[in-house]
Amino acid sequence: MTSQTSIIASALYGNKGAASMLEASLQMMEPGAAVGLLSLYPEHDARLADGTNLQIFDATPLRLVGSIIPLSALYRLLPPLRSSIRKIEPAVGFLADSQVLLDQGGITFSDGREKFLPYNVASVLPGLILGVPVVKCAQAIGPFANRLNRILARLVLPRIDTIVARGERTHQMLDELGLGNVVAGVDLAFAIEPSESSVHKVKSSYPSLFAGDDWVGLCPSQVARRQLEAVPGTDPETYGRVLISVVDHLLANGFRVALIPHSYMSDDAKTHNNDLPLCAAVAQHFANENNRVLLLDSELSATELRIAIAQTQVLITSRFHGMVSALAAGVPPLVFGWGHKYREVLAMFELDDAGLDAAQMVDEATVRNAVDRVLESRDERQAKIAAKLPLVIAAAKDHQGHFEAAR
């Protein structure tokens, strides 16, 4: 029988973090393995199936709650209806035949993200109902101080076959729940192996990025912008001004700047998780800089984004998987993030000081000083990454063992 795997992921449309984990998973699968993606954006994600054994299933929240979950329960309880259920809801039939369900949420069951708790539960419920082993691929989980979050975590997490903790802090918080199904791991995206065709595509699209060693990458984030706006007394224009200040500072010090929208949606009207408008606004401000500011204004895959980031000397980012791509490519990152998910990965490389809180971006001088500090110590940081990276990549590839063990 052909090996069959189901994957439930965060929204892939525009989200190259989720796409990074998916691309890594597909590279790890045995040849000929059938993979089904339960997608929040099935129409947009359909192109991911080109040339692969990947099947896309509609798993929008309404479909998940209104069809997939109840029909999974009926499939389990009433065997005579199984043939009909397979026709009505193909996702249920595919999942029922799968050896494992991979949950690829980037961060789940975390205080402050209570609005996502229903999806955190619903995304794994079909697998639990159907008796399919569920593996939570490496992700940040916790903290659990919020009462509702703690209750749901205690109900759901013990029923998961294997939980891969993405860092030491996540592991500690899961240990506090007394779970016996947690293993240490690192983000799946570290296992991505770029192909020659991907390199050729990026090089042909942005040849200047491969000419010279004076590029600094900048991956802004709509999420970081909202974090900054939440700081009392901060106006909505602050984030944009800080980005322009950073680029000004880099240009004045002889660097060129690559603006990299790591979360990309071609529809400018979509701004919730779309970094393209932020990057385009900065690029427009520097339109007369004689090609010293480059906007990557086409949609690139997660692998292609990594190739682009690899051409930079330092990456300034608020995108988690932008940071992962930088580390995987040996590029020192400077991260303005939130929560524990960034620092626990940076700690693996002894680069804890490269993780700052996004709220600190309210002070332009703090940002410029941090940029200078990372640039000045670039060689030392690069050496630390080079020393730790082989072990981290090996740990990412250990997911394959977790997939197999769960089957």
Do you know which residues across segment 92-125 are in a loop (DSSP other than H, G, I, E, B), of a type in the set (S, T, N, Q) and buried (at least 19 other Cβ atoms within 10 Å of the Cβ)? S98, S110, S123
Would you check which residues across segment 38-67 are in contact (Cβ under 8 Å) with a residue 40 or more places away in the chain, closer than 14 Å to I7 by Cα and over 21 Å from the mean Cα position of the chain (by Cα) and list them? L64
Within segment 190-214, how many residues are hydroxyl-bearing (S, T, Y) and surrounded by 14 or more Cβ atoms within 10 Å (Cβ to Cβ)? 3
Would you please name the residue that is nearest to L188 (Cα to Cα), looking only at residues in segment 351-382 that are surrounded by 13 or more Cβ atoms within 10 Å (Cβ to Cβ), among the aliphatic types (A, V, I, L, M) and more than 20 Å from the chain's Cα centre (by Cα)? V374
Exactly one of these conditions fails for T52: (1) surrounded by fewer than 14 Cβ atoms within 10 Å (Cβ to Cβ); (2) at pLDDT 90 or above; (3) polar (S, T, N, Q). Give me its number. (2)
Scan (1) under 30 Å from R150 (Cα atoms); (2) surrounded by fewer than 19 Cβ atoms within 10 Å (Cβ to Cβ) for the single condition L38 breaks and write down its number. (2)
All positions within segment 156-203 that are part of a helix (DSSP H, G or I), hydroxyl-bearing (S, T, Y) and touching a residue at least 24 places away in the same chain (Cβ under 8 Å): T170, S198
Screening R166, R241, R159, R256 for residues that are outside the structural domain of E299 (by TED's automatic domain parsing) and either more than 18 Å from the chain's Cα centre (by Cα) or among the β-branched types (V, I, T) (or both) leaves only R159
Going by the conditions given, is I88 surrounded by 19 or more Cβ atoms within 10 Å (Cβ to Cβ) and either among the basic types (K, R) or on the phi < 0 side of the Ramachandran plot (or both)? no
Quick check: anything in segment 215-225 out of contact with any Ser or Thr (no Cβ under 8 Å at 6 or more places or on another chain), within 30 Å of L48 (Cα to Cα), surrounded by 21 or more Cβ atoms within 10 Å (Cβ to Cβ) and charged (D, E, K, R)? yes
Given the conditions (1) among the β-branched types (V, I, T); (2) modelled with pLDDT under 95; (3) surrounded by fewer than 17 Cβ atoms within 10 Å (Cβ to Cβ), every one holds for V186 apart from (3)
When only residues in segment 309-327 that are more than 16 Å from L351 (Cβ to Cβ) and surrounded by fewer than 24 Cβ atoms within 10 Å (Cβ to Cβ) count, which is farthest from the chain's Cα centre (by Cα)? Q311
Any residue in segment 209-231 that is over 16 Å from S245 (Cβ atoms) sitting within a Cβ distance under 7 Å of a residue that is assigned to a loop (DSSP other than H, G, I, E, B) and among the aliphatic types (A, V, I, L, M)? List the pairs, counting only those 6 or more apart or interchain. G217/I260; C219/I260
Which condition number does L389 fail, the rest of (1) in contact (Cβ under 8 Å) with a residue 12 or more places away in the chain; (2) farther than 18 Å from V186 by Cβ being met? (2)
Any residue at all in segment 239-252 that is exposed (fewer than 14 other Cβ atoms within 10 Å of the Cβ), at pLDDT 95 or above and not acidic (D, E)? yes
Checking G32 against (1) in contact with a Ser or Thr (Cβ under 8 Å, 6 or more places away or on another chain); (2) surrounded by 18 or more Cβ atoms within 10 Å (Cβ to Cβ); (3) of a type outside the set (S, T, Y), which single condition isn't satisfied? (2)
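The values are calculated or read from the model by the stated rules, or taken from the named source; none is laboratory data. Everything numeric here is computed off the predicted structure, so don't read it as measured data. Ideal geometry is used to build each Cβ from the backbone, glycine not excepted, and the neighbour counts take in all protein chains shown.
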